1. In segment B:88-114, which residues are more than 10 Å from chain A (Cβ to nearest Cβ) and more than 11 Å from the chain's Cα centre (by Cα)?
2. Are any of the residues in segment B:61-80 basic (K, R), within 13 Å of the chain's Cα centre (by Cα) and assigned to a loop (DSSP other than H, G, I, E, B)?
3. Condition first: in a loop (DSSP other than H, G, I, E, B) and of a type outside the set (S, T, N, Q). Now tell me which residues in segment B:1-31 satisfy that.
4. If only one of A:S12, A:S69, A:S82 is surrounded by fewer than 14 Cβ atoms within 10 Å (Cβ to Cβ) and assigned to a helix (DSSP H, G or I), which one is it?
5. Considering only segment B:33-45, I want to know if a residue exists there that is surrounded by fewer than 16 Cβ atoms within 10 Å (Cβ to Cβ), over 12 Å from the mean Cα position of the chain (by Cα), of a type in the set (S, T, N, Q) and not in a loop (DSSP other than H, G, I, E, B).
6. How many residues, within segment A:74-95, are of a type outside the set (V, I, T) and under 27 Å from B:M31 (Cβ atoms)?
7. Which ones in segment A:86-111 are more than 14 Å from chain B (Cβ to nearest Cβ) and assigned to a strand (DSSP E or B)?
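Where a number appears in this text, it was derived from the coordinates with a stated rule and is not lab data. Computed from a predicted structure; not experimentally measured. In this analysis, Cβ positions are derived from the backbone assuming ideal geometry, glycine residues included, and neighbour counts consider all displayed protein chains.
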Amino acid sequence: QKEVEQNSGPLSVPEGAIASLNCTYSDRGSQSFFWYRQYSGKSPELIMFIYSNGDKEDGRFTAQLNKASQYVSLLIRDSQPSDSATYLCALMKTSYDKVIFGPGTSLSVIP
Amino acid sequence: SAVISQKPSRDICQRGTSLTIQCQVDSQVTMMFWYRQQPGQSLTLIATANQGSEATYESGFVIDKFPISRPNLTFSTLTVSNMSPEDSSIYLCSVSTGVSQPQHFGDGTRLSIL
């Protein structure tokens, strides 16, 4: 089992809809979770991080963490064509550990 | 967040040569990392650049091929040595201000080997 798994997509949603991106992980002890957005030809950009169970909201983005079920998700409300990108889920097992990146999910927002 | 400058942004190199990539941060950071991202793939950690000591390499990466320096808390270099076409990739520098803190990435170096 891979340490971080994501559906590769592409995930297509209409403009204005909610995009839901999911990520599961294998190590139950993982502590810190990150979502990065990567536009084609660009470097990854941090958009959310979450450390505790529950929801964390920032503008149109909500990160959800469920450690018991070992998944973390990213919801994008009112999706815009500019949200079209690859979204990378990443985690850190412990405070002093390296960050492990998932394979990424490609999102396409259709006008 | 810190401003991270990575040079060169891209290069085309001949087989067997070496290229040094620089990463400069506008403020002191605790952690600096080097990643490789091959076309259509996710990020693979090459090594953690340690200030004042040898870098910590991940499995599959060795110092002779990817020597790394980090002379201070704002600067690091990655050298890709004796390059082959398989080294064609994007190389990314990232920084973190402390343990458990998110990493932020430079713009990357797109490297092509002929």
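1. B:S88, B:S89, B:T97, B:L111, B:S112, B:I113, B:L114
2. yes
3. Result: B:A2, B:V3, B:P8, B:R15, B:G16, B:D26, B:V29.
4. Sole residue among the options that is surrounded by fewer than 14 Cβ atoms within 10 Å (Cβ to Cβ) and assigned to a helix (DSSP H, G or I): A:S82.
5. no
6. Residues that pass the stated criteria total 10.
7. Within segment A:86-111, A:L107, A:S108, A:V109, A:I110 meet the criteria.
Every residue, every condition in (1) in contact with a Pro (Cβ under 8 Å, 6 or more places away or on another chain); (2) small (G, A, S); (3) in contact (Cβ under 8 Å) with a residue 60 or more places away in the chain, yes or no:
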position	(1), (2), (3)
A:C23	no, no, yes
A:R37	yes, no, no
A:E45	no, no, no
A:V72	no, no, no
A:Y87	no, no, yes
A:T94	no, no, yes
